[in-house]
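*Asks:* Sharing a structure, written as structure tokens. Questions coming.
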Amino acid sequence: MCESRGAAQMELGSSWNAGSVAAVLPAGGSGERLGAARPKQFCALQGRPLVSHTACALERISWISDIIVVVSLEHIETMKSIIQKYGHKRITVVEGGVTRHRSIFNGLKIFAENKLQKPEVVIIHDAVRPFVEEDILLKVVKAAKDHGAAGAIRPLVSTVIASSADGCLDHSLERARYRASEMPQAFLFDIIYQAYHQCNDYDLDYGTECLHLALKYCKTKAKLIEGSPDLWKVTYKRDLYAAESIIKDNLSQQVCIITDMKEDAVQVGFLLHETLKSHIQQVRRISVSLYKDDNYMQNIILGQCFNFICIRVNKSAFQETQQLVDILENANISTLYPVVLILVHLNVSENTSFSSEMEDLTRIKEFAREVKKKNILVYGLLIHYNKDDPQLQETVNSAATIISALIKDRNPELIGQLLVA
Ligand SMILES: Nc1ccn([C@@H]2O[C@H](COP(=O)(O)OP(=O)(O)OP(=O)(O)O)[C@@H](O)[C@H]2O)c(=O)n1
Ligand SMILES: O=P(O)(O)OC[C@@H](O)[C@@H](O)[C@@H](O)CO
């Protein structure tokens with residue numbers, strides 16, 4: 001599922017073993033400010049709950065041994081079904097508390113009560129911050145080993161001001177001297193657990209800063225690490241839209257063009273390959289004979305390609321397309337994110353009546369409805385092709401623009417539609 005990477009483990013040095021780092025993801029809130037029908041951590045982004053995206057980001061890190069997701073009692077079964085549906089491997093669900101600090105404390109207790117191996121370092125990361133990369137996690141963990149605590153920070157966007165009792169400006173802070181405290185944060189386990197253990201009820205109920213608890217109760221001054229702009233927290237509805245756009249953008253970076261062996265398809269495949277390079281970061285082209293080679297396909301799929309274009313000349317190509325669907329389904333690639341599959345049909349044959357051609361193509365609607373159940377979004381694109389046509393490149397440019405729009409938009413409402421380049 002969320003395949004893990006071990007590169008950074010080398011960087012951590014030989015003294016570091018996989019059991020030394022765990023993560024606690026507080027996910028027990030109600031998401032009032034976002035105002036959705038369900039808590040924001042369970043709202044879907046590209047069809048998958050937000051908390052699953054964040055859990056995936058942590059599961060990609062091979063040196064994190066356990067991931068504790070802390071949810072409210074009423075959502076424990078929801079979280080367990082998410083774990084099962086999306087194949088999360090290293091997650092333990094723990095019941096949350098009435099405040100974020102109480103939820104985090106509950107997450108830490110599972111280690112203190114020896115229900116899981118106590119880590120040397122524990123990462124604390126809000127479950128509603130889905131864009132977290134290995135480099136910042138590595139930095140805060142290494143800094144926590146040296147300083148006892150560490151946290152990601154970002155420059156302030158707005159100036160901080162204090163108001164007087166009558167609601168007027170009392171004073172403002174010099175913005176350049178302050179930073180916004182973000183996540184991830186990391187702590188030597190004993191320090192943060194002791195801090196929570198000694199924490200008074202006021203701090204547990206009204207506090208918002210774990211780094212402050214380490215300072216106040218354990219005299220530990222956290223190391224502050226500049227983080228990337230992607231560390232922001234989903235708080236309001238606009239944040240959910242922004243997160244969805246970022247995920248779609250990430251999914252649209254690669255496309256694989258598959259052509260059958262006919263000369264016309266190969267030529268259009270070549271032209272599309274060259275033209276799409278100005279729209280999409282990585283464009284691969286393979287022949288249909290190769291995609292039956294599981295290893296080759298696995299490499300493409302494991303290379304995180306979620307977009308496929310099948311260029312077909314003959315009408316009976318649905319069987320070949322079904323084979324690709326079967327390969328994608330067997331590789332589980334569409335479990336995590338919707339896969340876009342664009343069937344490009346070259347209507348080259350002069351001797352087939354247009355009506356019988358169109359009759360066959362309208363089967364795409366039924367086919368698309370069928371494979372949508374596998375989280376594969378199928379679209380049709382008709383290219384009127386004549387290799388001697390002086391306008392051919394213009395037609396291919398139009399096809400590339402349509403293909404790029406379909407890949408970037410990933411709109412489930414348009415599946416089964418037949419567009420014309
Ligand atoms: N009792 C709580 C409250 C919050 N959180 C978690 O802490 C993270 C950051 O908190 P916040 O953004 O404030 O989430 P909510 O409290 O759900 O949001 P709101 O204040 O809008 O209700 C979220 O992942 C949230 O689920 C938690 O685990 N337990
Ligand atoms: O107050 P909220 O629960 O929205 O946010 C909790 C934390 O994410 C927030 O306090 C950061 O500044 C990190 O400590």
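The values are calculated or read from the model by the stated rules, or taken from the named source; none is laboratory data. Please read all numbers here as calculations on a predicted model, not as lab measurements. Positions of Cβ are backbone-derived with ideal geometry, glycine not excepted, and every protein chain shown enters the neighbour counts. Please note that ligands, DNA and RNA were not included when accessible areas were found on the heavy atoms of the full protein model with its side chains. Shrake-Rupley method; radii C 1.70, N 1.55, O 1.52, S 1.80 Å.
*Asks:* When you look at V160, is it within 14 Å of ligand 2 (Cβ to nearest atom), β-branched (V, I, T) and either surrounded by fewer than 18 Cβ atoms within 10 Å (Cβ to Cβ) or not assigned by TED's automatic domain parsing to the domain that holds V70 (or both), yes or no?
*Replies:* Values: within 14 Å of ligand 2 (Cβ to nearest atom): yes; β-branched (V, I, T): yes; either surrounded by fewer than 18 Cβ atoms within 10 Å (Cβ to Cβ) or not assigned by TED's automatic domain parsing to the domain that holds V70 (or both): yes.
Taking the combined requirement at face value, the residue satisfies it.
Every residue, every condition in (1) touching a helix residue (DSSP H, G or I) at 6+ places or on another chain (Cβ under 7 Å); (2) buried (at least 21 other Cβ atoms within 10 Å of the Cβ), yes or no:
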{"residue": "K85", "(1), (2)": "no, no"}
{"residue": "E95", "(1), (2)": "yes, no"}
{"residue": "S103", "(1), (2)": "no, yes"}
{"residue": "G107", "(1), (2)": "no, yes"}
{"residue": "E113", "(1), (2)": "no, no"}
{"residue": "Q117", "(1), (2)": "yes, no"}
{"residue": "V121", "(1), (2)": "yes, yes"}
{"residue": "I124", "(1), (2)": "yes, yes"}
{"residue": "V128", "(1), (2)": "yes, yes"}
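*Asks:* Counting only residues that are hydrophobic (A, V, I, L, M, F, W, C) and not in a loop (DSSP other than H, G, I, E, B), which one in the range 18-44 is surrounded by the fewest Cβ atoms within 10 Å (Cβ to Cβ)?
*Replies:* Looking at residues that are hydrophobic (A, V, I, L, M, F, W, C) and not in a loop (DSSP other than H, G, I, E, B), I get A18.
*Asks:* Cβ-Cβ under 7 Å, sequence separation 6+ or interchain: first residue in the range 397-417 and closer than 18 Å to V283 by Cα, partner among the basic types (K, R). Which pairs?
*Replies:* K408/K248; R410/K248
*Asks:* Somewhere in the range 139-150, is a residue in contact with a strand residue (DSSP E or B) (Cβ under 7 Å, 6 or more places away or on another chain) and closer than 11 Å to V24 by Cα?
*Replies:* So far as the range 139-150 goes, no, none of its residues is in contact with a strand residue (DSSP E or B) (Cβ under 7 Å, 6 or more places away or on another chain) and closer than 11 Å to V24 by Cα.
*Asks:* So which residues in the range 370-396 are in a loop (DSSP other than H, G, I, E, B), touching a residue at least 60 places away in the same chain (Cβ under 8 Å) and under 21 Å from I415 (Cα atoms), if there are any at all?
*Replies:* If the condition is that a residue be in a loop (DSSP other than H, G, I, E, B), touching a residue at least 60 places away in the same chain (Cβ under 8 Å) and under 21 Å from I415 (Cα atoms), then N375 is the only one that fits.
*Asks:* Checking the condition over 22 Å from A23 (Cα atoms) and more than 12 Å from ligand 2 (Cβ to nearest atom), which residue from L188, L215, L173 passes?
*Replies:* L173
*Asks:* Considering only the range 180-213, state which residues are touching a Phe, Trp or Tyr at 6+ places or on another chain (Cβ under 6 Å) and either open to solvent by 50 Å² or more (accessible area, probe 1.4 Å) or among the aliphatic types (A, V, I, L, M) (or both).
*Replies:* Listed by number, the residues that qualify are A195, Q198.
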